[in-house]
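Let me begin by presenting the structure, written as structure tokens, before commenting on it.
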Amino acid sequence: MRLRGGKRRKADDRLEPQGTPGLAVELRGVRREYGRGSRTVRALAGIDLALPRGTFTAVMGPSGSGKSTFLQCAAGLDRPTAGSVRLGGTEITGMRENQLTELRRSRLGFVFQAFNLLPSLTVEQNVLLPMRLAGQRQDRRRAAAMLGRVGLADKAGRRPGELSGGQQQRVAVARALITDPDVVFADEPTGALDTGTAAEVLGLLRQAVDTLGATVVMVTHDPAAAAWADRVLFLADGVFASGLDRGTAEQIAARMAALTSRTGTVAVAAA
Ligand SMILES: Nc1ncnc2c1ncn2[C@@H]1O[C@H](COP(=O)(O)OP(=O)(O)O)[C@@H](O)[C@H]1O
Ligand SMILES: [Mg+2]
């Protein structure tokens, strides 16, 4: 009896996600180095991070602090030199390239600074693209619902070129959410938008977290954008130096200024 019970437990273990339950993103001891020997650049120097589902996290830091490298490693677009990354409980560290591609298509959403919509497709086709690429049934009703959410119900048949920048980014948000992903990664999503339009896009990301239970990780240099997040993590020299919960734009800006002057001093001293 004991043996059979043990066997059953073992079989069950294989079916369960291996990460900590409730975590959308888990990084353990992640390092990323470029180059070798004396020329090695340590872009990420040991990142440990656990982000629960249904949270909105902003990542800030001075130029060169490792923001882009962090986002790429966390999203399976780049491979860490050491450490492990789990997304939605799935260990992605040893995955083959085609498995990673499939995981990105079906279980991650992306919003980029430059919108990255396909100009020859309609708005609806752009929103459905992740489903099409993942080989899923293209759910037009879901696309319509997502376009409704972002206030573009009447633009389904248009091409991206006929829309304003803010509208294009709203299409990108709908596209990022269509597959109900484990995580939405946003890289400077408001970098190309004016203040008012940026607030609309950030409000949509906030709403996705609050009403759909989405998990958003956003890299930004803008304290006003970061203030929409639950938590801001500050990167300096490839490690998370500190965090700020529910900070105002002013508090976030002050923290950034302190961080920039500190790392700036180091850079001047080293020069
Ligand atoms: N492909 C690369 N080859 C060599 N060094 C790189 C490469 N990408 C980034 N780096 C270095 O890694 C560090 C972190 O870069 P990055 O992640 O782009 O920072 P951020 O996005 O915060 O500006 C920097 O010192 C940068 O010069
Ligand atoms: Mg960068």
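Each reported figure results from applying straightforward, stated rules to the coordinates on display, with no laboratory input. Please read these numbers as outputs of a predicted model, since none were measured by experiment. Glycine gets a Cβ as well: all are built from the backbone with ideal geometry, and neighbour counts include every protein chain shown.
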Requested in this report: For the stretch 208-217, indicate whether the set of residues that are crowded, with 16+ Cβ neighbours inside 10 Å, farther than 19 Å from Leu117 by Cβ, within 16 Å of ligand 2 (Cβ to nearest atom) and of a type outside the set (Asp, Glu) is non-empty.
Outcome: yes
Query raised in the report: Arg79: loosely packed, with under 15 Cβ neighbours inside 10 Å and basic (Lys, Arg), yes or no?
Result: no
Query raised in the report: How many residues does the stretch 65-84 contain that are within 16 Å of ligand 2 (Cβ to nearest atom) and either in a strand (DSSP E or B) or without any contact (Cβ under 8 Å) to a residue 24 or more places away in the chain (or both)?
Result: 1
Query raised in the report: If only one of Arg159, Arg246, Arg170 is touching a residue at least 40 places away in the same chain (Cβ under 8 Å), among the charged types (D, E, K, R) and either under 19 Å from Ala58 (Cβ atoms) or touching a helix residue (DSSP H, G or I) at 6+ places or on another chain (Cβ under 8 Å) (or both), which one is it?
Result: Arg159
Query raised in the report: Of all residues in the stretch 85-103, how many are farther than 17 Å from Gln136 by Cβ, in contact (Cβ under 8 Å) with a residue 12 or more places away in the chain and part of a helix (DSSP H, G or I)?
Result: 1
**Report entry** Every residue from the stretch 173-200 that is under 17 Å from Ala225 (Cα atoms), among the hydrophobic types (A, V, I, L, M, F, W, C) and in contact with a strand residue (DSSP E or B) (Cβ under 8 Å, 6 or more places away or on another chain)
**Finding:** Val173, Val184, Phe185, Ala186
Query raised in the report: Identify, please: which residue in the stretch 21-60 is touching a residue at least 40 places away in the same chain (Cβ under 8 Å) and at positive phi and is, among those, farthest from ligand 1 (Cβ to nearest atom)?
Result: Gly54
